Protein chains: 2
Amino acid sequence: MRICFLGDSFVNGTGDDTALGWPGRLVADLRTRGRDVTYYNLGIRRDTSADIAARWHDEVERRFRTDEPRRLLFSFGANDCASDEAGHPRVPPDAGLHNATAILSAAKRIAPVLMVGPAPILDDAVADDRVRRLSDAFETLCRSLEIPYLAIFPFLSACADWRREAVAGDGTHPNQKGYAALADFIGRWPDCVTWASPPEA
Amino acid sequence: MRICFLGDSFVNGTGDDTALGWPGRLVADLRTRGRDVTYYNLGIRRDTSADIAARWHDEVERRFRTDEPRRLLFSFGANDCASDEAGHPRVPPDAGLHNATAILSAAKRIAPVLMVGPAPILDDAVADDRVRRLSDAFETLCRSLEIPYLAIFPFLSACADWRREAVAGDGTHPNQKGYAALADFIGRWPDCVTWASPPEA
């Protein structure tokens with residue numbers, strides 16, 4: 001099975017001294033349970049929904065030239081909500097929803113898709129208020145597209161390891177305990193278990 | 001510092017149950033020694049020099065939209081040498097050298113570049129004879145371009161962990177001990193130490 005993880009710095013695993021991030025931990029767990037998974041981490045720091053809309057298809061197409069079963073996971077939105085120099089969101093929520101609709105409705109024609117909601121920025125309360133609302137809007141969108149959606153904003157906002165490591169780091173990105181907590185949270189999500197199961201199961 | 005690793009399945013870390021591959025191990029080692037490194041693993045299974053020539057610039061450009069110091073590392077060639085259905089190399093050596101010249105001469109204008117030679121395929125002796133010759137030709141090319149080059153074909157051909165894990169796996173890709181041995185071999189390469197050093201050092 002080939003999995004592409006597309007998103008922002010939280011998908012990239014920025015700040016993780018183990019260099020795994022949560023996608024690496026999720027895949028290592030699948031592999032040690034005997035699953036033949038190859039993964040491509042396509043998280044890019046500072047990427048908004050607009051950046052991902054512009055690149056995801058090209059980058060996925062190059063990695064899915066295979067008859068192997070394919071899976072896609074997206075997670076973005078925090079950088080949409082970050083403030084630009086004028087204090088406005090880098091991508092307005094209407095545009096973010098438009099981008100997410102375009103991405104997800106095309107992606108589901110290629111492979112089974114999961115959407116993981118945006119993470120909190122933590123050191124910007126105004127931006128995090130936007131993230132919370134965008135996460136809710138993405139949840140409604142995904143329900144209408146019949147794509148499983150997991151909100152992580154409430155979990156991470158209350159996760160002591162995540163918050164502590166972010167404060168000790170750059171204010172936003174955790175280190176290995178935070179990413180391990182998120183990998184565990186996503187890995188126990190029943191829709192993720194189903195999505196990662198072999199097609200014949 | 002932002003590092004892009006571009007290449008084939010051996011860069012991707014295919015077969016590694018830890019989901020790190022050698023780039024993940026190299027970066028984890030740098031980070032635990034206090035270096036603020038973000039990395040992008042852009043290895044794709046089955047990619048030849050032609051595939052990488054077609055995509056590397058787009059994928060790197062999207063990841064280098066930053067003022068942070070940048071580094072590029074390439075490693076390809078094994079898939080050029082693999083046999084197509086007619087028994088010929090998938091990419092003839094002249095074309096492979098042409099692709100490598102185009103990639104590397106453009107890349108060195110963007111960031112400090114390292115080239116790591118192609119890995120053996122192991123379960124195809126005819127193909128590996130081609131890999132050995134292509135590795136030598138890449139070494140000559142890199143000398144003329146003043147790009148540091150590390151041949152890994154001889155090291156991996158003699159590496160017991162690499163060979164044992166490849167046999168236990170799909171015949172070509174090792175698992176965690178093999179990738180750890182390669183990460184160590186590359187990490188101790190003096191040109192790699194210099195390349196990964198902070199610009200101010």
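Rounded if a/c is under 1.5, else prolate if a/b beats b/c, else oblate: with a ≥ b ≥ c from the C-alpha gyration tensor eigenvalues square-rooted, which is segment B:82-189? It is oblate, given that a/c is not under 1.5 and a/b is not larger than b/c.
Compute, for segment B:1-54, the length of the dipole vector about the Cα centre, with Cβ point charges of +1 (Lys, Arg) and -1 (Asp, Glu) only. Units Debye, rounded to 20.
Dipole of segment B:1-54, to the nearest 20 debye: 220 debye.
Entry note, chain B: relative contact order of 23 percent, from Cα contacts under 8 Å with a spacing of 6+ residues.
Dividing the convex hull volume of the alpha carbon atoms of segment B:157-199 by its residue count, what do you get in Å³ per residue? Intermediate values should be presented prior to the final figure.
Working: hull volume 3.2 nm³, N = 43.
It is 75 Å³ per residue.
Please compute the alpha carbon radius of gyration of segment A:50-89, then divide it by the globular-protein estimate 2.2 N^0.38 Å. Two decimals is fine.
That ratio works out to 1.66.
Calculation over all alpha carbon pairs of segment A:6-75 in 10 angstrom steps from 0 returns a P(r) of 18, 48, 31, 3 percent.
Its residue count N sets the reference 2.2 N^0.38 Å, and the alpha-carbon radius of gyration of the protein assembly as shown equals 0.97 times that reference. For the segment B:55-68, counting C-beta atoms of other chains within 10 Å of every residue's C-beta and taking the mean gives 3. Taking every full run of DSSP H in chain B, the ones that stretch at least 18 Å from end to end by Cα along their long axis and average -1.0 or higher on the Kyte-Doolittle scale are B:93-107, B:125-145.
Compactness ratio of segment B:1-147: Cα Rg over 2.2 N^0.38 Å, N = residue count? Let's see the in-between values first.
Details: Rg = 15.3 Å, N = 147, 2.2 N^0.38 = 14.7 Å.
Dividing the Cα radius of gyration by 2.2 N^0.38 Å gives 1.04.
Only Lys, Arg, Asp and Glu carry charge here, each on its Cβ (+1 for the first two, -1 for the last two); on that basis segment B:95-201 has a dipole of about 180 debye about its Cα centre. Charges were assigned to the Cβ only: +1 to each Lys and Arg, -1 to each Asp and Glu. The resulting dipole of the protein assembly as shown about its Cα centre is roughly 220 debye. Straight distance only, please: which lysines reach the Cα of B:K177 with their own Cα at less than 29 Å, same-chain residues fewer than 8 apart left out? Partners found: A:K177.
Here, each number is a calculation from the coordinates, and none is a lab measurement. Worth saying up front: this structure is predicted, and the values here are computed from it rather than measured. All Cβ positions, glycine included, derive from the backbone under ideal geometry; neighbour counts span all protein chains shown.
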